[in-house]
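Following: one structure in structure tokens, then a few remarks.
Computed from the coordinates by the stated procedures, all read-outs in this text should not be read as laboratory data. As the structure is a computational prediction, the values presented were derived from the model and not from experiment. Note that we place each Cβ from the backbone using ideal geometry, even for glycine, and neighbour counts take in every protein chain shown.
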Amino acid sequence: MRSRGCRLAVCIFILGTIGLLAPARAQDNPDGSARSKILALEHAWNQAEAFHDVKSLDSLFDNALVYVDADGSLFTKAAFLEHARSAHLQQVVTQSMSVQIHGDTAIVTGVYQATSFENARLVTRRGRFVDTWVYKNSTWVCVAAQATPIVH
């Protein structure tokens, strides 16, 4: 009888421990979901910029966007959208992206490779970037971005 009672107590203890850990696992899931969403938004940004899709870019950026380009130029949202509309960008590919969630803020770091036409020739540039996203009005929007060229 004692043996059954001990086994029952161990089972109750294990189930109780699993029950206590389940909420912790559930809390990890929203961060994982947010990371996936933000990575998808980063890829959508690349596509929209390559296709000069200013409407899509507009939806990704907060109205107070601050963007520091690889050459040090400072852009507001309106200036960045105008630049994207007229740029000769062909493709942007990101690599090694990392997303860190801090409450309603996410920091994305990574490496990009941008290909564009300049003076009738194809030019490829590489750089590192840091993008800051904020969860606002039930959606993620980019509030700040910065690009730094990688020089060899």
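Structural remarks
- Taking 0.36 nm per residue of separation and subtracting the Cα-Cα distance, full extension of the segment from Asp53 to Asp31 would add 5.1 nm.
- Here's the picture: a label point sits 7 Å out from the Cα of Asn137 along the beta-carbon direction, and within region 30-71 the residues with their amide nitrogen under 20 Å of it are 38, 41-42, 45, 54-67.
- Isotropically averaged projected area of region 61-152, using the convex hull of Cα atoms (one quarter of hull area), nm²: 6.7
- Close amide H pairs (under 5 Å, H built 1.01 Å from N) link Gln90 with Thr115, Ser116, Phe117, residues at least 5 positions away or on another chain.
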